[in-house]
Structures are given as structure tokens and as C-alpha cells.
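Take a look at the structure below.
No value in this document is a laboratory result; all are computed from the given coordinates. Nothing here was measured: the structure is a model prediction, and the numbers come from that model. Reconstructed Cβ throughout: ideal geometry from the backbone, glycine too, with neighbour counts over all protein chains shown.
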Amino acid sequence: MKEFWILVLCILGVMALLAVMILRSNRNNKEEFLRRMGESWGKAPDGSYSREHIERLAAYGKYKSAGEPFFIDEITWKDLGMDRVFLRMNYTVSAPGEEYLLYLLRTPKLEEAPLWERDRLIGLFGENEKMRQAVQLILAQVPKASPVLAQRSIGERLQAVKEAKPIGQKKHYALCAAAVGSLFFMLAQPVCGFFLFLAVDCVNIADYYGGGDRRQVQERLSLFQSVKRMMAAGRLLERLAWDALASYAASLRQANENLQDFKKGSYWVSGKDNVSGGLEAVLADLIRMIFHVDLICYNRMLREIHRHGKDAERMLEVLGELDCAIAAASFREMLPVWSRPAFHGKMQIQAEGLYHPLVAHPVANDFCLEGGMLVTGSNASGKSTFLRNVAMNGILAQTIATCAAASYRAPMCRILTSMALSDNLARGESYFMAEIRSLKRILDAAGQEGFLLCMVDEVLRGTNTIERIAASSRILQSLRRENVFCFAATHDIELTYILENLYVNYHFGEEVRGKDVLFSYRLKKGRASSRNAIRLLEMTGYGEKIAEGARQAAREFEETGVWKTASD
């Protein structure tokens, strides 16, 4: 009996020591987390994601967008480099946050009410550091997926789990019973029981990793961990009892109530999180390996997810919205100048000091447009960047109520572009075929109700000059409608004359100083009057013969309208 009490005291002493270490580790982790969040506030987030990882995160937004009135398509997303916008804005701390951020950027609002509620949240977190950090500590308990591991997003796994089947559990009950029995035997025979317990542990751990069931359900167990953590985060947010977040707490509370049966035993499928973690997580992992509690809980939790999957999705949405609001507040802090958009129902876009939010030293421009704009200018003068700037700010205005501008007034628009196309070799398409398909989708959208903001860069550049000018002039003519804002960039000065009654002409210019071409990147009214392509040939060492010959050929064509035959 004396040996028994010595063993009990040793176990209690070890448990007390572990408890102290866990509490200290948790406190240190929280302090380190808040320090990192404070240092990174208002700064571009560190790190980069692969395209494959971003696509996994985007899966949630793609299926959720099915019920949205408008969704930024792949062509527009790639044309504008919106992955870069996501990465610049991704100050989120949770898996729901970064998944929802991609969805948010793909679904510009076409109604003001939900946008202004989002703006309220953004402003709230931007002004109240204490509230922001308290919410971040809670959100961080639903950690992000590793960019290195090929792990599907929570949203994608929630869709996949609908097809999952139960597993056989008799073996896991038996192994768990053997582990529990060996513990009781150790109370009666400490030495023999200890070695028996070690032997049973080895068998159980070997089956846990090698038996096949865990590999089969590993992804679903990971999803259950995420759902359990979202539930815990929801309860913590409710305890904050802040009136400013009352509606969000109420939504989380309702979802939690519906998932109460899922919650039973859910602790045993939970793993390490971003804030607590440490020894507590190691002990929980050890218990799972020895007693198979996560595999025993699996079927019941799967059944509850099948019944209440919509509640899990709702939690993902609410937590994601809060995390995105904090990220947007940090993004606003990052911008040298920003403004809230003003929306109206008129056929007019008016911007002052509009600049590209991703350019290191941007040049701001003003314009007021009531229809179509045709932008001309030399190579590298800023035409394409300006078009991307306008479209990107349109998306930011309708997603986070934030513009990189001194002021921005416009109607709420659907946004489409046709700019950075390439040959689609997988579909056997040439550049020209890809381009006309891209333009056709814009023409189709122009016939729908509501305002359309479209960007077209170098219309039909994939074909010959005569047919390009003839066809592109008619396409742009067709896009000149009462509900369409069309911004088109071109090198074809002929279009500025053909369409001068339909489109306002603007241009970007340059100044040649010695062997340098200097660009101001200032938008100016009127068509471009200078060209720099031949000058660039000369400056990059093509030689006087080629450069002067090209210049002479261009002058002769302008005078006669006929290209002179080349000779030796």
C-alpha cells in the first residue's frame, strides 16, 4: 500500500508541475502573439503563398459565390493581379479569415447596406486596439492551414464531408478498453501493471498510425478539429458581451446550440492551436494515440456534421467576416491616402487622386467620366497600369468600402476586364481566339441590367492591322451604352478619330532627354501625339541604320498611306 501512495503522489506531483508549465507556456504564447500583431499592424504581411495554396483557399469562395449576384471571374482576377491584393491585405490570423477574404474580394457588393455594415466593423477595429486584440486572440484559435502542406481549406472540407461514410469502431473500443484495464491493473500491481500498460500503449499507438482507419478519416478529423475550435471561438466572443458585436455573437450562439451533440467528446479530436498549444497539445495527442478517442468519437461527430453542416458554414462566415474587417482596417492604415467611396445611381465615375495601391511610388490621377474613355500613349507610359488601377479601386470600393484615392464617386458596378491574355494551349486556342472569347463575355454582360465597368487593353492585338482597327472600332462602339463604363487602351491612333464622338480621348505622354525616356504617368486629355518605339530601339543598341530606317518608313507611310517596299 505504501508503494501505491508513493506512486499516486509522484503522479500528482508531475501533473501539478505540468499544469504550471502549461499555464506559463500559454501566457508566453499569448504575449508573443500580441507583440507580433502589434508590430505588423498597418504593414504589408510577411511571406508568400504558392498559386496552388491560394487556389485551395479560394475553394470556399467559389462554391459560396453560387448564390451571389456577381462574382469576379478568373480572367478579371488574373488581369488585375488580385492574388497580390489578397496577399497585401492578408493580415488575418485564422483559417476562416483568409478563406473569407478571398471570397470577399471576389464578390463586390451591388447593394450598399451590407457594405456599410462591413465598413462599420472595419472602422470599429481600426479605432479600438483593445477590442481588436481581444478578438484576434480568439480568432487565432482556429489556425491557418500551412502553405507548405497540401491541405484543403475548411470550406472545401465542409463540402467534401457530405459524402463521407462511417467507419467500423469495434476494434477501437477494444483497444481503448485494454488501455483503461491496464491502468486499473497498475493500481493493484504497480510494477507489472506499468509494463503491461507500456505494452498495450505500443500496440495501440502502432494500430493508430498503421491500422488504416486514421489515414482514411484524417482529413475529416482535421475538419472536426476546426469546427470544434470555431465553436470555442464563438463562445469566447459571446462572453466579451460587446454591444458592437452583438449580432455576430448571436449568430455564433445559435450555431453553437445546434451543434451541441457534435460538441460531446470533441475535445479529444482537437489539436494544437496558434495561441495556447505547447505541452497541453502534446498530452492531448498522446491520449488520442493510446485510447483512440478521436476514432471512437468519429461516427457520432460525422453524423452531426451531416445534420448541421450549415451551422458550421455559418460560423466560418461570421468568424471570417470579423477577421477580414481587422485585415481591412490594417490595410487602410497601410495606405498613404484612402477614402470611403460615395455611391450614386448616375452614369458617372469621378475620382480625385486615384492611385494604384500596390505600386511603390504611385502617381495619382483625376478624372470624371460619363461613358467611355479611350487611352493612348507610348509604350510603358502607364496605360495598362491606369486601367488596372481604376478596376482594382472599383473592387476595393465595393468590397471593403475603401479606395486608394482622395475621393471616389461612382455607381455600384459589375467589373470585367480583358487585358493580360495568352494563348490557351490546353484548349488548343490561339491568342486571337482567347481574346475574342474574352471580349464576347464583356459584350454579353453589357446587355444585362445594372452598371458595368469594363477594361479592355489593346483590342484584338492578335490579328492584322486593318481587321484589328475595323473590328475593334465596332466592338468598342457596341460597348458604348448607357449602363457601361468602358476604359480602352490602344496604340491605334486611328481609333481615336473613328470613335471620337463616342469616347473621350485621354493619353499618357513622355519626355525624351538625351538617351533617356522619362514618363510622368499623368493622365492628360486628348489623344497621344508622340511615339517612342523607334526611339527605344535606338537607345537599346539596335543601331542607327535600323532606327533611322524605321523612322523614315513611318514618315513615308504617314504622308502617302502606302508602305514602301524594303530592299537591300
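Quick notes
- Projecting label points 7 angstrom from Cα along Cα→Cβ for GLN448 and SER48 puts them 3.4 nm apart.
- Ranking SER520, GLY541, LEU196 by Cα position along the charge dipole of the chain, where only Lys, Arg, Asp and Glu carry charges on their C-beta atoms, puts LEU196 farthest toward the positive end.
- Between the listed residues THR402, ALA446, ASN505, the Cα displaced farthest toward the positive end of the dipole of the range 395-538, a dipole computed from Cβ unit charges relative to the Cα centre, is found at THR402.
- Here CYS202 and LEU283 are evaluated by their C-beta separation; at R0 = 25 Å the FRET efficiency comes out at 0.85.
- Relative contact order, whole percent, for the range 469-535 stands at 26, derived from Cα pairs under 8 Å and 6 or more residues apart.
- Long-range tail of P(r) for the range 313-471 (Cα pairs > 23 Å, %): 49
- Each Lys and Arg contributes +1 and each Asp and Glu -1, all at the Cβ; summed about the Cα centre of the chain, the dipole is approximately 1180 debye.
- What you get for the range 53-155, charging only the Cβ of Lys and Arg (+1) and of Asp and Glu (-1), is a dipole of about 340 debye around the Cα centre.
- Computed magnitude of the charge dipole of the range 342-531 (debye, nearest 20; Cβ of K, R +1, Cβ of D, E -1): 80
- Available extension along the chain between SER40 and ARG461 is 147.2 nm, counting 0.36 nm per residue and deducting the alpha carbon span.
- Distance in nm between pseudo-label sites at GLU482 and CYS10 (7 Å out along the Cβ direction from Cα): 8.9
- Per-residue extension of 0.36 nm, minus the Cα-Cα distance of ALA406 and ALA533, leaves a gain of 42.3 nm for this segment.
- FRET efficiency, MET347 to GLU112 (Cβ-Cβ, R0 25 Å, nearest 0.05): 0.90
- The long axis of helix 431-446 is offset from the longest Cα principal axis of the chain by roughly 80 degrees.
- Packing order of peptides 160-169, 394-403, highest average first: 394-403, 160-169 (average count of other Cβ atoms within 10 Å over each peptide's residues).
- Normalising the average separation of contacting C-alpha pairs (under 8 angstrom, six or more residues apart) by the number of residues puts the relative contact order of the range 2-334 at 31 percent.
- FRET efficiency, 1/(1 + (r/R0)^6) with R0 25 Å, evaluated for TYR63 and ARG300 via beta carbons: 0.45
- Farthest toward positive dipole pole in the range 2-334 [+1 Lys/Arg, -1 Asp/Glu at C-beta], among GLN218, ALA140, ALA177: ALA177
- Above-threshold pairs, the threshold being 25 Å between Cα atoms, out of LYS78/LYS162; LYS383/LYS545; LYS171/LYS310; LYS30/LYS228: LYS78/LYS162; LYS383/LYS545; LYS171/LYS310
- If you sort the three axes of the alpha carbon gyration tensor as a ≥ b ≥ c, you get a/c of 1.5 or more for the range 36-128 and a/b no higher than b/c, which makes it oblate.
- Computed from backbone phi with θ = phi - 60° and the Karplus coefficients 6.51, -1.76 and 1.60, the 3J(HN,Hα) list for the range 131-143 is 5, 4, 5, 5, 5, 5, 4, 6, 4, 5, 6, 10, x Hz; x is used for glycine and proline.
- For the chain, the longest principal axis of the C-alpha atoms and the axis of helix 465-479 are separated by about 70°.
- Between the range 436-487 and the range 226-263, the alpha-carbon centres lie 48 Å apart.
- Per DSSP, loop GluC sites (Glu not before Pro) in the range 468-568 with at most 11 further Cβ within 10 Å: GLU482
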